[in-house]
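The values are calculated or read from the model by the stated rules, or taken from the named source; none is laboratory data. Treat the numbers as computed from the prediction; the structure is a model and nothing was measured. We place every Cβ from the backbone using ideal geometry, glycine too, and count neighbours over all the protein chains shown.
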Amino acid sequence: MQKIKIKTKYKSEVIDITNDIKEAVIKSGIKNGIVTVFCPHSTASVIIFEKSDTSLKRDLLGMLKDIVPFRDYQHNNARAHLKAAFLRSNITLIVNNANVILGEWQGIFLVEFDGPRERKVLIKVIDG
């Protein structure tokens with residue numbers, strides 16, 4: 001298993017980690033199998049998302065802001081937890097010839113809801 005650390009800069013943001021994941025797959029030495037990417041935080045997520053239009057990142061964060069509006073929640077950081085609950089804590093992708101298989105417009109992203117912080121993402125490449 002490998003671990004990458006990402007320093008987030010803002011309260012909420014979408015950070016492209018595609019190259020970090022691809023590098024971890026290459027370092028693993030595994031040519032064919034699967035890679036699982038796991039975010040061990042309850043106020044951040046990992047997703048596959050559009051990589052070419054940065055305005056979509058703002059649209060995603062705006063949509064989640066609308067779904068989880070400001071109000072008086074019982075938990076002092078409920079909004080960050082609730083937003084993360086709408087996304088995923090892990091993704092699994094195919095590895096073929098030491099390449100992570102993604103669609104033409106897809107990338108892998110960490111989504112922060114309680115920054116700025118140092119986040120970690122765990123990566124496990126499995127031979128197969």
Give region 80-126 a look and list any residue that's among the acidic types (Asp, Glu), closer than 20 Å to Glu50 by Cβ and crowded, with 16+ Cβ neighbours inside 10 Å, or say none. Glu112
In this structure, is Asp20 at pLDDT below 95, out of contact with any helix residue (DSSP H, G or I) (no Cβ under 7 Å at 6 or more places or on another chain) and more than 16 Å from Arg88 (Cα to Cα)? no
Conditions first: (1) touching a residue at least 12 places away in the same chain (Cβ under 8 Å); (2) exposed (fewer than 13 other Cβ atoms within 10 Å of the Cβ); (3) not in a loop (DSSP other than H, G, I, E, B); (4) not aliphatic (A, V, I, L, M). Asp66 passes all but one, so which condition is the exception? (1)
If only one of Thr18, Thr43, Thr36 is in contact with a Phe, Trp or Tyr (Cβ under 9 Å, 6 or more places away or on another chain) and under 15 Å from Leu102 (Cβ atoms), which one is it? Thr18
Test result for Ser52, under 17 Å from Leu102 (Cβ atoms), hydroxyl-bearing (Ser, Thr, Tyr) and assigned to a loop (DSSP other than H, G, I, E, B): yes
